[in-house]
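The values are calculated or read from the model by the stated rules, or taken from the named source; none is laboratory data. Note that the structure is a prediction, hence the values are computed from the model and not measured. All Cβ positions, glycine included, derive from the backbone under ideal geometry; neighbour counts span all protein chains shown.
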Amino acid sequence: MTTTPDGGFGIYVHWPFCLAKCPYCDFNSHVRHQAPSQLQYANALRQELRYFAQYTKGRTVGSVFFGGGTPSLMEPQTVAAVIDEIASLWNLPASAEISMEANPTSVEANRFAGYRSAGVNRLSVGIQALDDVELKRLGRQHSVAEAIQAVDVARNTFERISFDLIYARPEQTHAGWRTELNRALDLAADHLSMYQLTIEEGTMFHKLYAAGKLEMLDPDYAADMYDITQEVTSARGLPAYEISNHAAQGAQCQHNLVYWRYGDYVGVGPGAHGRITMPDGQKWATTTHRMPEEWLLNVENAGHSIEEQELLASVMQADEYLLMSLRLAEGIDVARYEALSGRSFNNKRLSNLQELGFIKWASNNRLKVTEKARPLLNAIITDLSID
Ligand SMILES: C[S@@+](CC[C@H](N)C(=O)[O-])C[C@H]1O[C@@H](n2cnc3c(N)ncnc32)[C@H](O)[C@@H]1O
Ligand code: SF4
């Protein structure tokens, strides 16, 4: 069965390059001493879009997302070429959200106007911390002043903006986070993403942590920072609509909603993931080659660089839908879950979770994880998956 009408349709474009590798980051990002050819990458991205368009003809694109890596290292004409290609392959209405992640160096801020002319209408700026010492520790290439300046430029350039912060950093205190968070809210428009620092395998922070040279906060102390985040953001009109994402009413990131509502998305560029419902109604998961140079070569030779493709049986779709949708404050559409999985949630487990105050029912047969239980999401999902 097709699940697309419930979740929308989006396009993800991955730009895999960064000026430097941040020590906490395990995203598919690469530093190259010689700048890649923008024209070659633009052509390859267009070619891979054409490949996926064969199977998704006639669809209406609700959102496009340029993620990375650092997409703000793309030349505006590269971005324009990709957006124009998307508009020629699918129906791209003027109302579609076209987002881009940007790093706030002054060089990049100088390109914002070019991105707006190319069609980008929402910018998500990676600020990470409002403290210069912390920015250095996080390996960032910008200062707080530059970040604030970039947000100012972005605000005057795009219809919608957001920015990212990382909290629960080593040595950060509750009082320090409260102050930083309030400052961020002073600076924010109608959307903010706030991620708790995680130590990812293969990163420099992981090496330091394993060698005892990086001390993380006590987990309970860090969990209280999550509660502080909920309290302060709700009081100031930007409640969480997802674990790490906060928005005013109607200002949610449309692209991320496609993921969490388990819609369809085409993923192009190195290491991009996709979920596509084919004309025969079967849903597939796709992953492209993660190394930029090999991705490029494959696309030039074969028109795409899909490294893995997996047919998603209905029950697998149900598992993915459960995992994604419970991240959202709006919760899961239980009828859709039951249709995909062919099962109902176990009543006894449901009542236990409800008695504990971990889940609650909402209108239209939706089940939600309560705010206080969101940090326990994985355990709740496991519980609901068992008969
Ligand atoms: C694709 S990444 C980065 C986009 C952009 N290149 C930048 O650095 O601003 C998206 C966001 O994930 C968050 N992030 C990345 N690694 C993280 C980690 N280990 N712990 C917490 N947040 C992380 C950061 O806030 C980052 O802005
Ligand atoms: S956090 Fe952003 S800038 Fe830093 S390495 Fe990761 S993708 Fe690149």
Lone qualifier among Tyr195, Tyr226 - being under 15 Å from the mean Cα position of the chain (by Cα) and not in a loop (DSSP other than H, G, I, E, B)
Tyr195
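Return the only residue of Tyr24, Tyr41 being farther than 21 Å from Arg160 by Cα, crowded, with 21+ Cβ neighbours inside 10 Å and within 10 Å of ligand 1 (Cβ to nearest atom).
Numbers: Tyr41 fails: within 10 Å of ligand 1 (Cβ to nearest atom).
Residue meeting the stated conditions: Tyr24.
So which residues in the stretch 346-368 are assigned to a loop (DSSP other than H, G, I, E, B) and either among the basic types (Lys, Arg) or under 11 Å from Asp383 (Cβ atoms) (or both), if there are any at all? Don't jump to the end; show me each part of the working.
Of the stretch 346-368, the ones assigned to a loop (DSSP other than H, G, I, E, B) are 346, 356-358, 363-365.
Correct list: Asn346, Leu356, Phe358.
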Conditions (1) surrounded by fewer than 19 Cβ atoms within 10 Å (Cβ to Cβ); (2) within 15 Å of ligand 1 (Cβ to nearest atom) -> Met74 fails only (1)
Being within 15 Å of ligand 2 (Cβ to nearest atom) and either free of Cβ contacts under 8 Å to residues at least 40 places away in the same chain or out of contact with any helix residue (DSSP H, G or I) (no Cβ under 9 Å at 6 or more places or on another chain) (or both) is the filter here, so list the residues in the stretch 102-123 that pass it.
Val107, Leu123
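Can you pull out the residues in the stretch 44-64 that are among the polar types (S, T, N, Q) and surrounded by fewer than 17 Cβ atoms within 10 Å (Cβ to Cβ)? Even if it seems obvious, please write down each step before you answer.
If we filter the stretch 44-64 for residues that are among the polar types (S, T, N, Q), which is where we start, we get 47, 54, 56, 60, 63.
Once the filter is applied, which keeps residues that are among the polar types (S, T, N, Q) and surrounded by fewer than 17 Cβ atoms within 10 Å (Cβ to Cβ), the stretch 44-64 yields Gln54, Thr60.
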Can you tell me which residues in the stretch 32-44 are out of contact with any Leu (no Cβ under 7 Å at 6 or more places or on another chain) and not hydroxyl-bearing (Ser, Thr, Tyr)?
Arg32, His33, Gln34, Ala35, Pro36, Gln38, Leu39, Ala42, Asn43
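Tell me, which residue of the stretch 342-361 that is of a type in the set (D, E, K, R) and surrounded by fewer than 14 Cβ atoms within 10 Å (Cβ to Cβ) is nearest to Ser385 (Cα to Cα)? Reasoning before the result, please.
So the first thing to find is which residues in the stretch 342-361 are of a type in the set (D, E, K, R), and the list is 343, 348-349, 355, 360.
Checking which are surrounded by fewer than 14 Cβ atoms within 10 Å (Cβ to Cβ) leaves us with 343, 348, 355.
Working: Arg343: 10, Lys348: 13, Glu355: 18 Å.
Only one residue fits best here, namely Arg343.
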Looking at Ala94, Ala113, Ala154, Ala150, can you tell me which residue is in the same structural domain as Asn182 (by TED's automatic domain parsing), away from ligand 1 (no atom under 16 Å from the Cβ) and not in a loop (DSSP other than H, G, I, E, B)?
Ala113
I'd like the full set of residues that are of a type in the set (A, V, I, L, M, F, W, C) and more than 9 Å from ligand 1 (Cβ to nearest atom), limited to the stretch 123-137.
Leu123, Ala129, Leu130, Val133, Leu135
Quick check, is Thr203 among the hydroxyl-bearing types (Ser, Thr, Tyr), touching an Asp or Glu at 6+ places or on another chain (Cβ under 6 Å) and more than 18 Å from Arg160 (Cβ to Cβ)?
yes
What residue, among those in the stretch 149-193 that are surrounded by fewer than 16 Cβ atoms within 10 Å (Cβ to Cβ) and of a type in the set (Val, Ile, Thr), is nearest to Leu257 (Cα to Cα)?
Thr179
Criterion first (among the charged types (D, E, K, R) and either at pLDDT below 95 or assigned to a strand (DSSP E or B) (or both)) does Asp26 satisfy it?
no
Answer with yes or no whether Ala251 is small (Gly, Ala, Ser), away from ligand 1 (no atom under 16 Å from the Cβ) and either under 26 Å from Asp333 (Cα atoms) or in contact with a Phe, Trp or Tyr (Cβ under 7 Å, 6 or more places away or on another chain) (or both).
yes
Hits in the stretch 18-48 - residues which are in contact (Cβ under 8 Å) with a residue 60 or more places away in the chain and touching a Lys or Arg at 6+ places or on another chain (Cβ under 6 Å):
Asn28
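Being of a type in the set (Val, Ile, Thr), free of Cβ contacts under 8 Å to residues at least 60 places away in the same chain and away from ligand 1 (no atom under 16 Å from the Cβ) is the requirement here; does Val61 meet it? Break it down stepwise before answering.
Values: of a type in the set (Val, Ile, Thr): yes; free of Cβ contacts under 8 Å to residues at least 60 places away in the same chain: yes; away from ligand 1 (no atom under 16 Å from the Cβ): yes.
Judged against the criteria, Val61 is a match.
Being closer than 13 Å to Glu48 by Cβ and either within 25 Å of the chain's Cα centre (by Cα) or buried (at least 20 other Cβ atoms within 10 Å of the Cβ) (or both) is the filter here, so list the residues in the stretch 293-306 that pass it. Full working, then the answer.
First, the residues of the stretch 293-306 that are closer than 13 Å to Glu48 by Cβ: 295-306.
Across the stretch 293-306, the qualifying residues are Trp295, Leu296, Asn298, Val299, His304, Ser305, Ile306.
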